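FYI, it's all coordinate maths here, none of it is from the lab. Quick caveat: nothing in here was measured; it's all calculated off a predicted structure. Using ideal geometry, Cβ is built from the backbone for each residue, glycine included, and neighbour counts are taken over all protein chains shown.
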Amino acid sequence: MDIPKFMQGAIAPTFTVFHEDGTLDDAGQRRFLDFLLEMDAINAYFIRSGMGLMYTFSMDDTRQIARNVCSHLKGAAPVLVGCSGVWDRNYDKRPDPLRYMEQGVALGNYALELGAAGAVYTMPEALLPHDGETEQQMIERYFNTICERVAGPVYVYQPPGTLPNYEVEPETLSRLADIKNFMGGKFSTMNGYYTYELMRAIRGKRFIYIIGCETMFYTGLFLGSRACIGQGAVLNPQILNAMLERYRSGNYSGVLRAQDAINTLVQTAPNAVDFLKMYATEKGYTTPLYTRSQATNPYMEDREPITKEEYDRFKVIYETELMPYL
């Protein structure tokens with residue numbers, strides 16, 4: 001499989017829109033997507049993402065959002081769908097391993113049949129190694145099985161906070177990168193050495209390394225990455241795209257200025273999800289702030305709701321930093 005052309009610049013970890021009772025708001029989701037499309041800067045949309053509260057999704061939720069978004073964005077933008085089996089990331093209550101695998105296979109093929117450009121799977125923290133098997137061997141076995149049974153492009157997502165023994169090692173990634181339909185992955189790390197070693201391991205291979213933390217995009221560009229998935233890919237995709245364009249043209253001081261702006265926005269943003277939903281509403285795309293709680297899970301926590309004061313304060317910073325890139 002060839003590297004898809006959309007795998008560059010900003011790929012949005014799309015925020016999920018909910019009703020007050022926590023169910024998916026299809027109409028609200030479409031309005032929010034229309035707001036994002038108006039930016040004309042997002043190269044692909046990743047749904048059931050970490051920032052979209054992926055660990056709260058059921059099988060039916062995943063199918064519903066995939067149907068809604070793939071249909072709405074058909075012909076407008078590629079869609080990547082989070083297709084891991086159902087698990088709330090409670091390490092004390094891991095799912096049945098066979099069922100988790102079967103759910104992932106079913107969701108991946110369902111999303112691809114709807115027209116998704118790829119199926120995304122988190123590192124399999126939900127699973128325990130077999131007797132005599134290491135976590136790295138289990139990761140390799142898991143993705144070999146997924147890639148064999150899912151009829152299309154597969155991507156890996158290593159989320160923030162992944163348990164250290166489930167973080168993929170360079171040697172493991174190098175072997176996985178040779179699988180025909182294992183196309184690439186998002187790695188959410190701020191560890192420069194680890195990033196370097198992962199990218200060294202796949203150097204020269206047909207594998208797309210996606211920077212998973214936009215404060216590392218400068219580093220990623222010089223190591224060979226060309227795409228980023230992070231909150232900035234939704235809030236300020238124009239700046240990420242400008243970084244890539246400036247890097248390609250040799251304007252390295254311009255790359256640094258863009259990275260400065262990105263870092264400022266990361267450092268000053270309150271609840272980025274609430275902010276952008278409020279901003280979309282202000283621009284005429286009514287997007288409710290309802291969410292789902294993960295508070296019953298001892299390993300997860302809810303985002304603090306944004307206040308009007310925080311919104312007003314950050315809006316000034318946001319528009320100031322974004323203006324030179326519009």
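Output the antiparallel fraction of DSSP beta bridges having both residues in the chain, as a percent to the nearest 5. Write down the numbers at each step before the final one.
On the way: 1 of 27 bridges.
DSSP beta bridges in the chain are roughly 5 percent antiparallel.
When all alpha-carbon pairs of segment 1-74 are counted, what percent fall beyond 17 Å?
Details: 1197 of 2701 pairs.
Within segment 1-74, distances greater than 17 Å cover 44 percent of Cα pairs.
Restricting to Cα pairs below 8 Å that are 6+ residues apart, what does the relative contact order work out to for segment 80-142? Please round to a whole percent.
38
Which aspartates and glutamates, on any chain, are close to LYS315 with Cα under 17 Å apart, when same-chain ones fewer than 8 places away are left out?
ASP274, GLU282
With Cβ to Cβ distances under 13 Å as the rule, what net charge do the other residues near ALA76 carry (K, R +1; D, E -1)?
Values: positive: ARG30, LYS74; negative: ASP34, GLU38, ASP40.
Neighbour charge sum, excluding ALA76 itself: -1.
So if I take the centroid of the Cα atoms in segment 216-259 and the same for segment 1-71, what is the distance between those two points in Å?
If you average the Cα positions of each part, the centres end up 22 Å apart.
Which of THR23, THR291, THR195 moves most in a GNM of the chain, Cα contacts under 10 Å?
It is THR23.
As a footprinting exposure proxy, order SER71, SER174, SER49, SER253 by other Cβ within 10 Å, with the fewest listed first.
If I rank by nearby Cβ atoms, fewest first, I get SER253, SER71, SER174, SER49.
I'd like the Karplus ³J(HN,Hα) series for segment 78-90: coefficients 6.51, -1.76, 1.60, θ = phi - 60°, whole numbers in Hz, and an x wherever there's a Gly or Pro.
Calculated HN-Hα couplings, in order: x, 10, 10, 10, x, 10, 4, x, 7, 6, 9, 6, 8 Hz.
Report, in listed order, any pair from LYS186/LYS277; LYS186/LYS308; LYS74/LYS186; LYS186/LYS283; LYS74/LYS283; LYS5/LYS74 with a Cα-Cα distance greater than 26 Å.
In this structure, LYS186/LYS308; LYS186/LYS283 lie more than 26 Å apart at Cα.
Among THR134, THR162, THR287, which one shows the biggest mean-square fluctuation in a GNM of the chain, springs joining Cα atoms closer than 10 Å?
So, out of THR134, THR162, THR287, the one fluctuating most is THR134.
Could you check the simple spin-label distance between ARG67 and TYR299, using points 7 Å along Cα→Cβ, in nm with one decimal?
It works out to 3.1 nm between the two label points.
Hey, in the GNM for the chain with a 10 angstrom Cα cutoff, which one of VAL150, VAL79, VAL316 fluctuates hardest?
VAL316
At a 10 Å Cβ-Cβ cut-off, how would you order LEU128, LEU326, LEU37, fewest neighbours first?
LEU326, LEU128, LEU37
Please give me, ordered by residue number, the trypsin sites (Lys or Arg not before Pro) of segment 1-82 that lie in loop per DSSP and have at most 16 other Cβ atoms within 10 Å.
LYS5, LYS74
What residues qualify as long-range amide H neighbours of PHE46, i.e. H under 5 Å apart, gap of 5 or more or another chain, H built at 1.01 Å from N?
ALA12, THR14, LEU80
Within 13 Å, Cβ to Cβ, of LYS283, how many net charges do the neighbouring residues add up to if Lys/Arg are +1 and Asp/Glu are -1?
Numbers: positive: ARG31, LYS277, LYS315; negative: ASP34, GLU38, GLU282, GLU319.
Net charge around LYS283: -1.
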